[in-house]
Amino acid sequence: MTLLAERLRLVVVTPGRGDAAAVVRLAEGALCGGASAIWIRERSLAAPALCELARAVAAIARRAGGFVILSRDAEIAAREGLDAVHLGFRDQAPRAVRERGLPLVVGFSAHDPLDRQAIAAADYVTLSPLFPTPGKGRAAAALGLARFQQLRAAIPVPVVALGGVGAASAASALQAGADGVAVLRAVADAEDAAAAARAIRARLDEARA
C-alpha cells in the first residue's frame, strides 16, 4: 500500500452545514478516534471564513498526524498549507490544477461511467455512490459491490469508496478493491465522533490484517 493510500484509509467528510465550530469539533473527535483524513466540504462558507476554518483544522491535523483535504478551492488549500484539493466534475479539471504547480495532492470524484482523462491527471479518486445514500433524491443509483469492483480495476490510482459507508460495510468496501473509505453521516451525525471513527477504523484494520 502506498503512503497516499494509507493516508486515505478513513476519510471523514464534513457535513456542509456552514457551522465552522462544529467542523472543528468533528475534526478533533474523528482524528482522535483514528480517522486518517478530514475532508472539508463546506461550500457555503465565504472565503475568509473558509480560510480560518482550514487553518484551524490543519492545526488539529498536524498534532494528530492527519491529512487534510479541501473541496474545490486549490488556492485556499495551498495558501493554508493543506495536503490536498478535491475536485468534482463542476470544478477545475485535475490537469488544470496540476499544471499550476501547486504543492497539493489532487483528488477527483469519479462516477460511472469513468472520466478517464480526469482520472489520469489525479493522484487519487473517490468512487461513488457505493451504497444508497439517504437524502440524495434523484442522484445516481448506487454502484453496489460488484460494479464498484469492476470500475476500480480500471483506475490506476488509489480509490476511496464513498456513499453510504459505515462500520458495518467498511470491510466489504476494501474487499471490493477500495484503498480506503470516506464517511459523512456515520461519524458527523454520531453522538460521539471519536467512538464512531474508532469503530470504523477497527473494521478497516481487521479487513487489512
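Looking at residue 24, is it at pLDDT 95 or above, out of contact with any Asp or Glu (no Cβ under 9 Å at 6 or more places or on another chain) and in a strand (DSSP E or B)? No; evaluated as a whole, the condition is false for this residue.
With the structure loaded, tell me whether residue 81 is assigned to a loop (DSSP other than H, G, I, E, B) and closer than 23 Å to residue 5 by Cβ or whether it fails that test. When the stated conditions are applied, residue 81 passes them.
Does the stretch 81-93 include one or more residues that are at pLDDT 95 or above, over 14 Å from the mean Cα position of the chain (by Cα), β-branched (Val, Ile, Thr) and buried (at least 16 other Cβ atoms within 10 Å of the Cβ)? Checking the stretch 81-93: not a single residue is at pLDDT 95 or above, over 14 Å from the mean Cα position of the chain (by Cα), β-branched (Val, Ile, Thr) and buried (at least 16 other Cβ atoms within 10 Å of the Cβ).
Residue 47 fulfils the conditions (1) modelled with pLDDT of 95 or more; (2) closer than 21 Å to residue 120 by Cα except for a single criterion, (2).
Only a single item in (1) under 16 Å from the mean Cα position of the chain (by Cα); (2) assigned to a loop (DSSP other than H, G, I, E, B) is not met by residue 18, and it is number (1).
So which residues in the stretch 29-69 are in contact with a Gly (Cβ under 9 Å, 6 or more places away or on another chain), within 18 Å of residue 194 (Cα to Cα) and assigned to a loop (DSSP other than H, G, I, E, B), if there are any at all? Within the stretch 29-69, 35, 36 meet the criteria. A count restricted to the stretch 164-183 and to residues that are of a type in the set (A, V, I, L, M, F, W, C) and in contact with a Ser or Thr (Cβ under 8 Å, 6 or more places away or on another chain) stands at 1.
Taking the stretch 100-209 as the region of interest, the helices (runs of 4 or more DSSP H) fully inside it that hold 1 or more residues being of a type in the set (Val, Ile, Thr) are 116-120, 185-188, 193-208. Here 182, 186 are screened, and the one residue that is touching a residue at least 40 places away in the same chain (Cβ under 8 Å) and within 14 Å of the chain's Cα centre (by Cα) is 182.
The values are calculated or read from the model by the stated rules, or taken from the named source; none is laboratory data. Quick caveat, the model's predicted, so the values are computed rather than measured. For neighbour counting, all protein chains shown are included, and Cβ atoms are generated from backbone atoms with ideal geometry for every residue, glycine included.
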